[in-house]
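First up is the structure itself, then whatever we jot down about it.
Nothing in this text is a laboratory measurement; each read-out follows from the coordinates by a stated rule. These figures come from a predicted structure and were not determined experimentally. Methodologically, a virtual Cβ is constructed for each residue, glycine included, from the backbone with ideal geometry; neighbour enumeration extends over all protein chains shown.
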Amino acid sequence: MKTRPQVKTLAVCLLLFATTSALAHPYKCTSAIASNFNGAAIAAGDNVWFNAVLKVNGLGSAPARIFVTHASITFTAIGQTYQLTVPDSQITLSSSITLATTFFAKLSPEIGSPIGWRTALPASGLAGNDFLAGLRFAVPASGLPGGIKNVIWQGTFSSDTPGLTVNWQWGAAAYTNFSTKYNDLGVKPVDDNKASQYQNSDHAGTPENFKADVVGGARGGGGSNFTGSYSGTGSCALVRALSTSFTVTE
């Protein structure tokens, strides 16, 4: 991994901005990952499906909740800087949950947002990654060129459970047709091919109802690459003193 000074400066600013918000959950960390788009241009009117996945380490026998707030995606294309607000997420992991699900739904009152991604996962036995959050971006009339650099996704993770560490990545894929209603996408909540209603080998975050519309662009090559290739892995420990992490990948 390489750290480019200008990217690091921007990411640190974003991290500091996120830390100014009071969180109800005492264990927290802020993390940012910078990566690049591939060389394929994306046409005006198409859509970019930004999606992120995670793994949670340090779980015990009791249920745990992870909240992801104040998340944003920032990039510059054709002289314009975009800062996109990612919906908040609430991820519950419990041994009493037998079917993995994710919906765009009402969140717990303490998260601060009335609606966002609400994901329920079995606490153990899952293979691969789990869905963290997703954002649809409608490509503007100017289109997007290929090779956009320094696309940064950052957010704040928090929990009321001590001892957790989050490892996460993000991807982005281009679609010619996409729904503005997130619950119409049919987002797969897990990589695991048996733990959700989508019993296939697709990655977590795949919009199952729109797979026929995927094309090359962003971080994807079309075909069966429904989430786009993943960035490097960001990792941060949820602690009382608010840890931060920053990852740069090509």
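Structure summary
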item	result
Estimated inter-spin distance, Ala43 and Ser224, nm [label 7 Å along Cα→Cβ]	2.6 nm
Label-point separation, Thr76 to Asn36 (7 Å along Cα→Cβ), nm	1.6 nm
Centroid-to-centroid separation of the stretch 172-230 and the stretch 78-111 [C-alpha atoms, Å]	16 Å
Computed FRET value (nearest 0.05) for Asn200 with Ala141, which takes r as the C-beta separation and R₀ as 35 Å	0.45
Virtual spin-label span in nm between Leu84 and Ala62, 7 Å along Cα→Cβ	3.7 nm
Within-13-Å neighbourhood charge of Ile73 [Cβ basis; K, R +1; D, E -1]	+2
